[in-house]
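Here is the structure we will look at.
The values are calculated or read from the model by the stated rules, or taken from the named source; none is laboratory data. What you see is a predicted model; the values in this text were computed from it and never measured. Neighbour counts are summed over all protein chains in view; Cβ atoms, including those assigned to glycine, are modelled from backbone coordinates with ideal geometry.
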Amino acid sequence: MKAVKIKYLLNESAKRNLIYSVKGWVRTFRANRFIALNDGSSVENLQCVIDFETFDESKLKLITTGAALHIEGLLTKSLGSGQKVELNVNKLDIIGGCDPEKYPIQPKKHSLEYLREKAHLRIRTTTFASVMRIRSSLSFHIHKFFQERGFYYINTPIITGTDAEGAGEMFRVSTLNLKKTPLNDFGNVDFKKDFFGKETNLTVSGQLEAEAYALGLGEVYTFGPTFRAENSNTTRHLAEFWMIEPEMAFYDLDDNMDLAEKFVKSVLREILSNCINDLKFLNERQQKEDLSKPSSERNQMSLLEKIKFVVENNFVRISYDEAFNILRDSKPNKKKRFKFPISDWGSDFQSEHERYLVEKHFKCPVIIFNYPINIKAFYMRRNDDNKTVRAMDILFPGIGEIVGGSQREERLNILEKRITEMKINREELWWYLDLRRFGSVPHSGFGLGFERLVQFVTGMNNIRDVIPFPRTPQNASF
Ligand code: 4AD
Ligand code: MG
């Protein structure tokens, strides 16, 4: 008999009084009688009831938390109160035993820090299974959003010679012998002898290549891994993360902001209707967690309320200038409560400032546009004031920056000037400049940090808990 997924048996429409076969892992085994079985398909377990008198002692002993079982039984209305149906076991095979003394995932609350060290097993907890099901669904609905609008999915290279963001935070890719690196006549490492005959690194963004494809296919998007060797040990940074980068020909900055807002709202709406059981579980989890915090640190809205709020309300759009004025005149700035006081126009906002704007001042997502030229990447379109560029960042409550994007500089002479000013290696960008030579058009795009979106939807505080095997400074296990 072919095994069915537990979620179908727990569904209202599952036919009762029929024999079903299921395969999964034991979450708990109570009173030598009740097995809570989970196969990853649902947040709830299936209660499987055995008549222990018909089982020999040695087999009963093997039904332990973590063991993998194959069970056949009759689906009936449950006599207990915790569940609607249960499976009365006729046949039970132990597929894989599990030593309960040594199994790291006990049927009790483990800290997230502890579970990070057991990242290969943490998926067997209810919390991680819910987070990862939502992650998977988000990724599907992201593709669906773009595919339904005629965007083409493109795969940009992971190994590149360019530093798209110009921030110098790259992981080198090399096959040179570290103990005996070849040197050139100037005493520097001779990358001509390296695998690609030049210096290469893992990409920090697929944007530049996506631009090339947008200027031929019209509207494209990437969804791939990106790598940043920034030494920031925060709850919002990974060294390896996934980014969605749409790029659109003939879009200006307003079109870009409109698309980004519509996109984020649309995928959140899909998750509300497709992952509601997982969301309800995580909602409750967050509420329980809040109870153990001082009231000032508790969430003002529940997880579900927060997601609905973002879906239903317009994002506030303000220029850097406006944001700067609000922050400069704000109470925490005047009372010197910001770690980084706001005084001079032109400096980048820190996360304390972003949080103030989003969580205290506007109490909703905020898009800031027209940033000072000196704090943004070389490719952003210069405004006529010569001081600002057509950049935009979307800031979310509890997350900070979730999207970064811009209208691109499509004018060859201005782009060349900027590259020189910023002392960027122009030779690497010859092909990028060609895009401005041959049929250049206004175009725009943005990057959404996938894990930050998963964080927002699941309410997980630490970004390390929304990706299966996180990579952070000093940590690349598994
Ligand atoms: O603002 P960023 O650096 O923008 C770009 O890379 C552009 N090339 C995007 C584009 O216009 N096509 O990064 C975009 C987003 C950020 O807003 C943030 O959500 C996420 O990527 N991000 C990170 N997420 C996790 N860990 C990190 N270290 C991240 N750095 C950026
Ligand atoms: Mg950014």
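Structural remarks
- Those residues of segment 209-248 which are polar (S, T, N, Q) and either within 15 Å of ligand 2 (Cβ to nearest atom) or in contact with a helix residue (DSSP H, G or I) (Cβ under 9 Å, 6 or more places away or on another chain) (or both), in sequence order: 222, 226, 232, 234, 235
- For residue 449, the requirement of being of a type outside the set (Val, Ile, Thr), within 16 Å of ligand 2 (Cβ to nearest atom) and closer than 20 Å to residue 230 by Cα is met.
- Of all residues in segment 201-208, at least one satisfies being away from ligand 2 (no atom under 16 Å from the Cβ) and within 19 Å of residue 240 (Cβ to Cβ).
- Any hit, segment 159-175, residues being modelled with pLDDT under 95, surrounded by 17 or more Cβ atoms within 10 Å (Cβ to Cβ) and polar (S, T, N, Q): yes
- Considering residues of segment 407-430 that are in contact with a helix residue (DSSP H, G or I) (Cβ under 7 Å, 6 or more places away or on another chain), under 13 Å from residue 208 (Cβ atoms) and in contact (Cβ under 8 Å) with a residue 60 or more places away in the chain only, the residue nearest to ligand 2 (Cβ to nearest atom): 408
- Answer residue from segment 176-205, given it is within 16 Å of ligand 1 (Cβ to nearest atom) and in a loop (DSSP other than H, G, I, E, B) and is surrounded by the most Cβ atoms within 10 Å (Cβ to Cβ) among those: 203
- The requirement of being modelled with pLDDT of 95 or more and part of a strand (DSSP E or B) is fulfilled nowhere in segment 259-274; no residue meets it.
- Yes/no for residue 208 being within 26 Å of the chain's Cα centre (by Cα), outside any strand (DSSP E or B) and buried (at least 18 other Cβ atoms within 10 Å of the Cβ): yes
Every residue, every condition in (1) among the hydroxyl-bearing types (Ser, Thr, Tyr); (2) under 30 Å from residue 442 (Cα atoms); (3) not assigned by TED's automatic domain parsing to the domain that holds residue 130, yes or no:
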{"residue": "258", "(1), (2), (3)": "no, yes, no"}
{"residue": "269", "(1), (2), (3)": "no, no, no"}
{"residue": "306", "(1), (2), (3)": "no, no, no"}
{"residue": "316", "(1), (2), (3)": "no, yes, no"}
{"residue": "346", "(1), (2), (3)": "no, yes, no"}
{"residue": "351", "(1), (2), (3)": "yes, no, no"}
{"residue": "362", "(1), (2), (3)": "no, no, no"}
{"residue": "369", "(1), (2), (3)": "no, yes, no"}
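- Set 149, 124: member being of a type in the set (D, E, K, R) and in contact with an Asp or Glu (Cβ under 9 Å, 6 or more places away or on another chain): 149
- Within segment 433-462, the set of residues being within 10 Å of the chain's Cα centre (by Cα) and closer than 18 Å to residue 223 by Cα comprises 448, 449, 450, 451, 452, 453, 454, 455.
- Search result, residues across segment 228-250 that are over 13 Å from the mean Cα position of the chain (by Cα) and more than 9 Å from ligand 1 (Cβ to nearest atom): 229, 231, 233, 248, 249, 250
- Scanning segment 397-451 for residues that are of a type in the set (Gly, Ala, Ser), at negative phi and more than 16 Å from ligand 1 (Cβ to nearest atom) returns a single hit, 440.
- The residues on offer are 414, 419, 424, and the sole one that is assigned by TED's automatic domain parsing to the domain that holds residue 151 and either in a loop (DSSP other than H, G, I, E, B) or in contact with a His (Cβ under 6 Å, 6 or more places away or on another chain) (or both) is 424.
- Answer from 394, 402, 368, 373 - the residue that is within 16 Å of ligand 2 (Cβ to nearest atom) and free of Cβ contacts under 8 Å to residues at least 24 places away in the same chain: 373
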